[in-house]
Amino acid sequence: QVQLVESGGGLVQAGGSLRLSCAASSRYGMGWFRQAPGKERELVASINWGGGSTYYADSVKGRFTISRDNAKNTAYLQMDSLKPDDTAVYYCAATRTITSTPPSRPHEFHYWGQGTQVTVSS
């Protein structure tokens, strides 16, 4: 049974920072999605199995950083310069496919976390 355990969500003022963590039961390619009320789920950032290749949505480039600690099977999403539009439930996802490129489409992910709420106040 694959487990993805997320932590780090919360309430922050605009311009602030948060770091999300996702601990996996094994090593996978990882990604972070988010879904705001009334909107579709979107891929925010992803990182490949080895950690050398990353993907970012245009809306978060330059503000968010995805990284991983392979020794801990944990992925992180550092979110800086947060905006009210970043408010959403953030989901960690994992793919068992090993590639040199980061997963960039929802169907590439096989496992999902339970989600953590991020709220950015103006």
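The values are calculated or read from the model by the stated rules, or taken from the named source; none is laboratory data. Note that this is a predicted model, so its numbers are computed, not measured. Cβ: placed from backbone, ideal geometry, glycine included. Neighbour counts: every protein chain shown. Calculation scope for accessible area: heavy atoms of the full protein, side chains included, ligands and nucleic acids excluded. Shrake-Rupley method; radii C 1.70, N 1.55, O 1.52, S 1.80 Å.
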- Message: Given a 1.4 angstrom probe, what's the average accessible area per residue across the chain, in square angstrom?
- Response: 51
- Message: Under a Cβ-only charge scheme (Lys and Arg +1, Asp and Glu -1), can you give me the dipole magnitude of the chain about the Cα centre, in debye to the nearest 20?
- Response: 180
- the chain: radius of gyration over Cα atoms, expressed as a fraction of 2.2 N^0.38 Å: 0.97
- Sequence-separation-based contact order of the chain, relative, with Cα cut under 8 Å and 6+ spacing, percent: 35
- Query: Which residue fluctuates the most in the chain, going by a Gaussian network model with Cα springs under 10 Å, if the choices are Tyr91, Tyr111, Tyr76?
  - Reply: Tyr111
- Note on the structure: Straight-line reach check, Lys61, cutoff 13 Å on alpha carbons, 8 or more apart in-chain or any other chain, hits among aspartates and glutamates -> Asp80, Asp86
- Message: I need the calculated FRET efficiency for the pair Arg105 and Ala71, taking r as the beta carbon distance and R₀ as 30 Å, to the nearest 0.05.
- Response: 0.60
- So if we plug the beta-carbon distance of Asp58 and Gln1 into 1/(1 + (r/R0)^6) with R0 = 25 Å, what FRET efficiency do we get, rounded to 0.05? 0.10
